[in-house]
Amino acid sequence: MDPTRRLETRQGDITQLSVDAIVNAANQTLKGGGGVDGAIHRAAGPELLAECRTLGGCPTGEARLTRGYRLPARYVIHTVGPVYRGRPEDPRLLANCYTNSLILARDHGICSIAFPAISCGVYGYPIDEACKIAVDTCAAFITANEAIEKIVFMLFSDKDLAVYSQYLKNHAG
Ligand code: AR6
């Protein structure tokens with residue numbers, strides 16, 4: 001089956017999604033913050049921060065798994081995107097966020113997972129470039145991993161949704 005059929009775009013608040021795992025665009029401390037990170041911590045409750053504090057942080061491009069507590073999602077996968085500076089390593093670091101999150105998902109029997117637009121808020125990654133990296137990396141991973149049934153790209157704004165939907169359409173041919 002065309003792997004892009006297992007990729008879908010949606011618009012709204014990722015904390016509301018009933019999937020096995022949602023991904024958090026965190027910072028290296030894993031102690032919470034603004035944007036989607038703040039929203040996830042608010043919705044999950046203080047137990048999430050307590051578990052995050054036991055993890056000892058997370059380097060850029062890596063990922064860590066916690067329970068979802070009060071969220072509909074069973075797990076949260078926390079990853080740290082690069083702060084965009086136009087450096088040659090930025091695309092690789094952003095791709096690593098997607099791959100390492102999906103490796104954790106696969107290794108925990110997670111079949112459905114939702115990603116926000118990692119690094120595209122406070123961290124300043126241009127949405128068009130980030131979208132290609134996200135879709136291409138996820139498509140490559142699910143092609144090789146049949147156990148991942150669904151990847152949702154959960155976009156907050158109309159513009160971000162349009163960018164992803166257009167790219168996914170072209171990618172699927
Ligand atoms: N659901 C889905 N997407 C959301 C939500 C939500 N509830 N809220 C925001 N977004 P950002 P970053 C979108 O800034 O750029 C935090 O303080 C948002 O519109 O949350 O990776 C961390 O602690 C944007 O498109 O993450 C770090 O310090 C996307 O999520 C830093 O921000 C990512 O924006 C990480 O920055």
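The values are calculated or read from the model by the stated rules, or taken from the named source; none is laboratory data. All values reported here derive from a predicted model rather than from experimental measurement. Backbone-built Cβ (ideal geometry, glycine too); neighbour counts: all protein chains shown. When the accessible area is computed, the model is the full protein with side chains, heavy atoms only, and any ligands, DNA or RNA have been set aside. Shrake-Rupley method; radii C 1.70, N 1.55, O 1.52, S 1.80 Å.
Tabulated results
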{"read-out": "Residues located in region 126-172, provided they are crowded, with 18+ Cβ neighbours inside 10 Å, more than 15 Å from the ligand (Cβ to nearest atom) and not in a helix (DSSP H, G or I)", "value": "ILE148"}
{"read-out": "From the options GLY86, GLY109, residue that is within 16 Å of the ligand (Cβ to nearest atom), on the phi > 0 side of the Ramachandran plot and surrounded by fewer than 16 Cβ atoms within 10 Å (Cβ to Cβ)", "value": "GLY86"}
{"read-out": "Close pairs (8 angstrom Cβ cut-off, 6 or more residues apart or separate chains): touching a residue at least 12 places away in the same chain (Cβ under 8 Å) and closer than 13 Å to GLU129 by Cβ in region 77-97, within 10 Å of the ligand (Cβ to nearest atom) and part of a strand (DSSP E or B) anywhere", "value": "GLY81/ALA25"}
{"read-out": "Condition check for ALA114: open to solvent by less than 10 Å² (accessible area, probe 1.4 Å) and not in a helix (DSSP H, G or I)", "value": "yes"}
{"read-out": "Considering residues of region 21-37 that are among the hydrophobic types (A, V, I, L, M, F, W, C) and outside any strand (DSSP E or B) only, the residue nearest to the ligand (Cβ to nearest atom)", "value": "VAL36"}
{"read-out": "Residues (within 15 Å of PRO82 (Cα to Cα) and either in a helix (DSSP H, G or I) or β-branched (Val, Ile, Thr) (or both)) located in region 38-70", "value": "THR60"}
{"read-out": "Selected residue [modelled with pLDDT of 95 or more and open to solvent by 70 Å² or more (accessible area, probe 1.4 Å)] from GLY61, GLY38, GLY56, GLY32", "value": "GLY56"}
